[in-house]
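Chemist: Please read through the structure below; I'll follow up with questions.
The values are calculated or read from the model by the stated rules, or taken from the named source; none is laboratory data. These figures come from a predicted structure and were not determined experimentally. Virtual Cβ from ideal backbone geometry, glycine too; neighbours counted across all protein chains shown. SASA here: full protein model, heavy atoms, side chains in, ligands and nucleic acids out. Shrake-Rupley method; radii C 1.70, N 1.55, O 1.52, S 1.80 Å.
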Amino acid sequence: MSFENKEKDKCPVCNDVGYVFTIRDGHEYCAPCKCQEIKIAMERLERSGLAKEFKEKTFQNYYTENNPILMDAKYTVERYADEFLTFKNERYNSLMLCGQVGAGKTHLGTACSIQLIHDGTAVIYMGYRDEMTELKASILDSEKYNRELSRYKNASVLFIDDFLKGKITESDVNIIYEIVNYRYNNNLPIIISTEKTPDELINFDEAIASRLIEMCRGNIIYFMGKELNYRLYGGVA
């Protein structure tokens with residue numbers, strides 16, 4: 001199934017009505033269908049201008065050039081995506097791609113997100129620098145701030161791209177902690193790409209890092225070595 005076709009396919013649950021009806025204790029209840037969460041995630045991507053980029057970053061065009069580190073990374077992320085539904089509600093349900101600039105961390109995180117969306121799980125994309133700037137700018141508008149923060153806290157899956165990129169302020173730390181801690185307490189998965197190593201994350205903030213590292217246990221991919229920077233040394237990703 002292509003990324004484009006996903007938006008055109010009718011939902012087999014609600015037939016694109018957007019709601020499902022259930023009967024409990026003799027009463028009929030109406031609730032939003034799960035497909036609405038995916039629709040909202042797709043609309044956010046369209047508004048951000050990233051939909052085209054998402055379409056282009058797939059597992060198929062993540063080229064490893066027989067590099068064992070990249071081959072292992074691709075295998076690990078593909079396995080995570082394939083098996084996601086079996087562990088999505090467990091403690092160790094998240095994925096971290098960290099380390100070397102230009103190794104294709106965003107590419108793999110995006111490819112994973114695409115597959116999860118195809119399989120029926122909504123993924124909210126959070127480009128760290130831009131979204132944090134937006135959040136901080138809206139702090140004085142409590143309604144808007146809480147609405148946007150809630151999207152990141154409650155998303156079925158949250159993909160934080162370029163985590164901790166740029167200058168970090170106290171406001172950043174407070175917002176990050178609120179998102180991560182909520183998702184940690186509710187076993188809500190995070191996909192995260194960052195140039196920081198696990199040790200650097202701990203030095204940044206132990207409370208945030210320890211939660212992320214625990215959630216990503218078994219799915220932490222550390223890219224180490226400038227030779228993995230495809231922007232400098234050719235198209236490995």
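Chemist: Looking at Tyr80, is it open to solvent by less than 30 Å² (accessible area, probe 1.4 Å) and at pLDDT 95 or above? Walk me through how you get there before you give the answer.
Modeler: Working: open to solvent by less than 30 Å² (accessible area, probe 1.4 Å): yes; at pLDDT 95 or above: yes.
Here the answer is yes, as Tyr80 does meet what is asked.
Chemist: Which one of these is touching a helix residue (DSSP H, G or I) at 6+ places or on another chain (Cβ under 7 Å), at pLDDT below 95, closer than 22 Å to Ile176 by Cα and not hydrophobic (A, V, I, L, M, F, W, C): Thr58, Thr106, Thr110, Thr64? Can you show your working first?
Modeler: Numbers: Thr58 fails: closer than 22 Å to Ile176 by Cα; Thr106 fails: touching a helix residue (DSSP H, G or I) at 6+ places or on another chain (Cβ under 7 Å); Thr64 fails: closer than 22 Å to Ile176 by Cα.
After ruling out the rest, the residue left standing is Thr110.
Chemist: Quick one: how many residues across segment 168-200 are farther than 20 Å from Tyr125 by Cβ and in contact (Cβ under 8 Å) with a residue 60 or more places away in the chain?
Modeler: 3
Chemist: Which one of these is of a type in the set (D, E, K, R) and either at pLDDT 95 or above or within 20 Å of Val123 (Cβ to Cβ) (or both): Lys165, Lys226? Steps first, please.
Modeler: Numbers: Lys226 fails: either at pLDDT 95 or above or within 20 Å of Val123 (Cβ to Cβ) (or both).
The conditions single out Lys165.
Chemist: In addition: Would you be able to tell me the number of residues in segment 94-105 that are under 10 Å from the mean Cα position of the chain (by Cα) and part of a loop (DSSP other than H, G, I, E, B)? Spell out the reasoning first.
Modeler: Step one: list which residues in segment 94-105 are under 10 Å from the mean Cα position of the chain (by Cα), which gives 94-96.
If we keep only those that are part of a loop (DSSP other than H, G, I, E, B) as well, we get 94.
Summing the residues that are under 10 Å from the mean Cα position of the chain (by Cα) and part of a loop (DSSP other than H, G, I, E, B) in segment 94-105 gives 1.
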